[in-house]
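Below is one structure, written out as C-alpha cells, with a few remarks after it.
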Amino acid sequence: MKQSAFLVALSIGFPLVSDAPASENEAGPDQVGRPTIRIRHVHTLKSPRPDGLGGANSYLLKGMPKDGPCFSASFPTDYSDCTEGFYNAKLELVDSWREPFAGGDMVMCATTGDLDNDGHNEILLTTRKGASGAHAFRWNLKTRKLEKMWSFLKTPTVRTEEYFRGGAIGDFTRHEGREVCFGGNGSGLFLLDQHGKLIAHDRTIRKTIQRIDTCDHDGDGYDEMVIATGRTPGQVHYARWTPKGDRLRVIWCANVTPNARGGNNCYEALYHPKGHPRGGPAIAVNTERESPRPKRSGSILLLDMKGREVWCYVYNEDEERGGACDFADITGDGVPEILSRYSRELKTPKELGVLILNNEGKKLARVPNVTACSAGPYVFRPNGPGTKPVYLLAKNNVYEISVEAPRER
C-alpha cells in the first residue's frame with residue numbers, strides 16, 4: 001500500500017492492524033459515545049540534501065513565526081553526514097543547516113526559547129561527537145533566513161567522545177536574558193549565557209542526558225528542569241540551578257525502570273500543566289531498552305511533581321520497543337493525551353507506529369504505519385492552538401488527524 005494513499009481510521013479503545021478491512025476499522029457497538037480519530041498521510045517533507053536522501057528525527061520549534069521555521073527534521077546518511085531542514089506552517093522548506101566544523105555532524109536536539117527577551121524565539125541545536133556542541137540561531141524577518149548567533153564547541157573539560165543530546169532554553173539564573181542548558185554522555189550539565197559563554201559546568205548528574213524540559217512549577221520566576229537520563233537504570237531528575245548559576249540542585253530523582261521494567265533507558269520526560277488525571281501538572285515519561293537491543297521493551301508512565309508514579313503502561317509483545325513521547329489534546333476536550341512511538345521488529349510482521357493513551361494510562365489506540373523515529377511523534381497545529389488542521393509530525397512525514405463526534409446511543 002502506498003503511503004500517500006494510506007488512511008487509518010481508529011476508534012478510541014480499538015487497536016488496529018494495518019491490513020484490516022474497512023469494516024473492522026469502524027466504531028463497533030462498544031465504541032458508542034466515544035469519538036473516532038482518523039489519521040492519514042498528507043505530505044513527505046522535501047529533503048534539503050542535493051541527493052534527496054535521509055529522513056530521521058523531527059522536532060517542533062515552538063513560538064516561531066508561521067512563515068518561518070516551525071519545525072525541523074534531520075536528514076542523515078549516518079551520524080557524520082547530516083543536513084537539518086527547517087519548514088514553515090505550510091510544510092515548505094525555508095532553510096537548511098549543515099554543521100560546518102566536522103562537515104555534517106548529526107543534530108541530536110532542536111528546541112526554541114527567547115534568549116535575549118526581545119519577544120522572538122531563537123533556535124538551539126545540539127550536535128554529536130564529530131563537533132559536539134550547541135549552536136544558536138535567530139530567524140531574520142527581513143531576509144527570511146536563519147542567522148547563526150554563536151556556537152559553543154567542546155572544551156578541554158569535556159571528554160573527546162562527548163556528544164550532546166538534551167538541550168533547553170530557560171530563565172534559570174539572575175543573569176541577563178535567558179540561558180542555555182544542555183548535557184551529554186555522562187559529563188554533567190553545561191550552563192551558557194545568552195551569548196554562548198560558559199557560566200557553569202556541573203557534574204552532579206553523571207548519567208547520559210537524553211532530554212531536558214523546563215517549567216516554573218513553584219512560580220518563583222526561575223525555571224526548573226525535568227531531565228530524562230539513561231542508562232541502567234533510566235531516571236528522571238527534577239533539578240534547578242541556583243540563582244547565581246554556580247551549581248545545580250537536584251530536588252528529586254525517580255527510577256523509572258525498576259527491575260528493568262520497560263527497559264533500561266529513560267528517553268523522554270515532558271511536563272504538562274494539566275497532565276495529571278485529577279487536574280494540575282504532571283510529567284509524562286517514555287522508557288526503552290537501549291542495550292542489548294534483542295531484548296526489546298518499553299513503557300509509558302506518569303509522574304506527579306514529587307516524582308511519584310501515578311500509573312505505568314508496559315509495552316506488550318506486539319509493541320516491543322518504546323521511544324519518544326508527546327503531550328497533545330487530540331480529542332479537543334481540553335485534556336491532553338499522550339502519544340508515543342512503538343517499534344516491533346522481533347515479531348513478524350514487523351510494525352512501526354504510535355500509541356495513544358489518555359492521561360489515566362488507558363491505551364486508546366495503536367496506530368500502525370506511522371514512521372516515528374527517535375524524536376517524535378509530535379502534534380502540530382499550523383494555524384495555532386485549537387485550530388485545524390491538526391498534523392502529526394513523524395520522521396520526514398506529516399499526517400493529518402481528524403476527530404469525529406461520538407456516536408449517539
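Counted by Cβ distance under 11 Å from Pro243, the other residues give a net charge of +2, where Lys and Arg count +1 and Asp and Glu count -1. State which stretch of the chain is the longest one without any exposed GluC sites (Glu not before Pro), exposure meaning a DSSP loop state and at most 10 other Cβ atoms within 10 Å. After excluding every exposed loop site, the longest remaining stretch is 1-316.
Measure up Lys274/Lys388; Lys148/Lys244; Lys62/Lys395 against 20 Å on the Cα-Cα distance and list the ones that go over. Over 20 Å apart, Cα to Cα: Lys274/Lys388; Lys148/Lys244.
Across the chain, the relative contact order, built from alpha-carbon pairs under 8 Å that are at least six residues apart, equals 14 percent. The Cα atoms of segment 67-149 cover 34, 27, 18 Å along the three principal axes, with the biggest extent listed first. Of the trypsin sites (Lys or Arg not before Pro) found in segment 197-250, the ones in coil according to DSSP and having at most 13 other Cβ atoms within 10 Å of their Cβ are Lys197, Arg203, Arg206, Lys244, Arg247.
Expressed per residue, the C-alpha convex hull volume of segment 92-222 stands at 122 Å³.
Compactness of segment 274-363, taken as the C-alpha radius of gyration over 2.2 N^0.38 Å, stands at 1.11. Ordering Ala131, Ala110, Gly85 by Cα displacement along the dipole of segment 75-233 toward the positive end leaves Ala131 in first place; charges were set at the Cβ atoms of Lys, Arg (+1) and Asp, Glu (-1).
Solvent-accessible surface of protein heavy atoms, probed at 1.4 angstrom with all chains present, puts Asp216, Asp81 in the order Asp216, Asp81, largest first. For segment 173-212, the equivalent ellipsoid derived from the alpha-carbon gyration tensor has semi-axes of 20, 9, 8 Å in decreasing order. Just checking the listed ones, Ala254, Ala269, Ala110: in the Gaussian network model of the chain with Cα springs under 10 Å, the one fluctuating most is Ala254. If you take Rg and Dmax of the Cα atoms in Å from the coordinates, which of (i) 20.0, 58; (ii) 20.5, 68; (iii) 23.1, 79 do you get? For Rg and Dmax of the Cα atoms in Å, the calculated option is (ii). Surface exposure of the chain, expressed per residue as accessible area with a 1.4 Å probe, stands at 41 Å². Ranked from largest to smallest solvent-accessible area, with a 1.4 Å probe on the protein heavy atoms, Val94, Val42, Val398 come out as Val42, Val94, Val398.
Considering only alpha-carbon pairs that sit under 8 angstrom and 6 or more positions apart, the relative contact order computed for segment 332-409 is 20 percent.
Note on segment 293-368 and segment 93-130: Cα centroid distance 28 Å, given to the nearest whole angstrom.
The values are calculated or read from the model by the stated rules, or taken from the named source; none is laboratory data. The structure presented is a predicted model; accordingly, all values stated were derived computationally and were not measured. Note that we place each Cβ from the backbone using ideal geometry, even for glycine, and neighbour counts take in every protein chain shown. These area figures cover heavy atoms from the full protein model, side chains too; ligands, DNA and RNA do not enter into them. Shrake-Rupley method; radii C 1.70, N 1.55, O 1.52, S 1.80 Å.
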